[in-house]
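Every read-out reported here was derived from the displayed coordinates using simple, explicitly stated rules and does not represent laboratory data. Note that the structure is predicted; figures quoted are calculated from it, not measured. Neighbour counts are summed over all protein chains in view; Cβ atoms, including those assigned to glycine, are modelled from backbone coordinates with ideal geometry.
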Amino acid sequence: MATTLDVYAPFDSGPGANVMESTWRGFAKYMLETGIIRNGDDHFRVYADSTGMQVKVGTGHCWIQGHWGENAAEKVLPIAAADPTNPRDDLVVLRADFVNNHIVLDTKPGTPAASPTEPSLTQSSSMWEIRLARVRVATNAVTIAAGDVTDRRERYTSNDYGPGALIAETRLTASTTSIVFDQIPQTFRHLYIVASVLSSNTTANQPIYCRFNDIATNSYDLQWMHSSGTTYASGRVAPASRVEIGHASRNDNGEDTNLSSSEFLVANYSKTQRHNTLARSSFTNGGASLTLWQSAGWLWGSSNPITKITLTLADGSSFKAGSQVSLYGLG
Amino acid sequence: MDAVELNCTTGEGCRQPLTDVETAQRETDIATSAAEVQQRAAETAAHQATLSKVAAASGVTVAQLRAALGVPPHE
């Protein structure tokens, strides 16, 4: 015997035809995850330009618990007067207010303190907030400068880009020594790199060195295992001055038919934490058979969010034309 | 020597010559990489030498010693 669900909608008649706001929210929130919709506009970018106690918020579309909103033109938000004794961290938020029936941009003043913390978000049946930026309001500040604003947009909705989005990609038409991904948006949960590359070196396969934020000090730690033919080996490099995202295949007489295959995951890259990363790669020696497969775990002993990634080859050789490296944002 | 730089916010890309700092880092990396390769080779050779000595003292081949100990090929 069929048994109806407790709630279902929308339908032409019957209980499912009585769709009120709460019912709409009940199912529409599953259409798209809450967040900023990626569509080529300014994605609610918050900035300041030393024009007084205010910040500016760029254009954008959002989807919050099934409610859609658009900021069609830049808005100016006032910042509350500074504390005379201590600094303060305010939050700029997008708020869907289910009681007052609107979506607003707003600032949430923090509590002045020697080491201030930003206020928490409200996410309840009455309202749902998502953060856009943190604003440091210095003691006795009379204006907000660009450096006082920290981007806190945590994620975009999937939209038609799917759960992951291609952030940037290069397919080389000429050799280069270094590949740099700069100004990485801090709006995804994780980063994922796929590298399919060939070294200009003809004598050895080369690790692809990777550095975060131009840091090349001995602040990295590696543990690895690889198999080559029927043998395998493991080891550790610590301290190290880099991570390795994979390997390049050896140059095989000018052809690019033996590109390596490497993947590299950087979880929670925008968080202030020590960064654990994972790399896997396989590659050839220029022949038709697989030479080596390696898996490695890395630690970067810094708690800075990752904004820049620089790739080079260990022996100083070049990434050959035809090499391709793609940077994806996940979640 | 140059770098392909991709601005992930604006989507713009360009080629830039390596800076002096980047060139110096490249030289350091080359030396570091070579030293690590050499060190791993030395460790592997030392391991093999130890196995050979033990096998010889036991009057068996290295393969027989591995089989008797149940030691995988890499150890």
Exercise for the section: Sort the following peptides by mean Cβ neighbour count (other Cβ atoms within 10 Å, averaged over residues), highest first: A:144-153, A:58-67, A:116-125. Expected result: A:58-67, A:144-153, A:116-125
Problem - Residues A:K29, A:K108 arranged by fewest to most Cβ contacts within 10 Å - result: A:K29, A:K108
Fill in the blank from the handout: Here the relative contact order (percent) of region A:82-158, from C-alpha pairs under 8 Å and at least 6 apart, is 36 percent
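With a ≥ b ≥ c the root eigenvalues of the C-alpha gyration tensor of region B:1-62, is it rounded (a/c under 1.5), prolate (a/b larger than b/c) or oblate?
Prolate, since a/c reaches 1.5 and a/b exceeds b/c.
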Practice task
Normalising by the residue count of region A:193-243, find the relative contact order in percent from Cα pairs under 8 Å and 6+ residues apart.
Solution key: 36 percent
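Let me know the mean shielding of A:173-185 by other chains, meaning the per-residue number of their Cβ atoms within 10 Å of its Cβ. Intermediate values should be presented prior to the final figure.
Working: counts 1, 3, 3, 8, 9, 11, 4, 10, 5, 7, 8, 4, 2.
The shielding value for this peptide is 6.
Relative contact order for chain A using alpha-carbon pairs under 8 Å, separation at least 6, rounded to a whole percent? Don't jump to the answer; show the numbers that get you there.
Values: 896 pairs, mean separation 55.7, N = 331.
The normalised contact order for chain A reaches 17 percent.
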Fill in the blank from the handout: Checked the protein assembly as shown against the a/c 1.5 cut and the a/b vs b/c comparison, axes a ≥ b ≥ c from its Cα gyration tensor; verdict prolate
Problem - Charge sum, other residues only, whose C-beta stays under 11 Å from B:C8's C-beta, Lys/Arg counted +1 and Asp/Glu -1 - result: -3
Completion exercise
Expected max-MSF residue from A:A165, A:A174, A:A96 in the GNM of chain A (alpha carbon, under 10 Å) is A:A174
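Name the trypsin sites (Lys or Arg not before Pro) in region B:1-47 that are in a loop by DSSP and that have at most 13 other C-beta atoms within 10 Å, would you?
none
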Fill in the blank from the handout: Going fewest to most other Cβ atoms within 10 Å around each Cβ, A:Y220, A:Y8 line up as A:Y8, A:Y220
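Taking neighbour Cβ counts within 10 Å as the exposure measure, how do A:H226, A:H43 sort from fewest upward?
Taking fewest neighbouring Cβ atoms as first place, the list is A:H226, A:H43.
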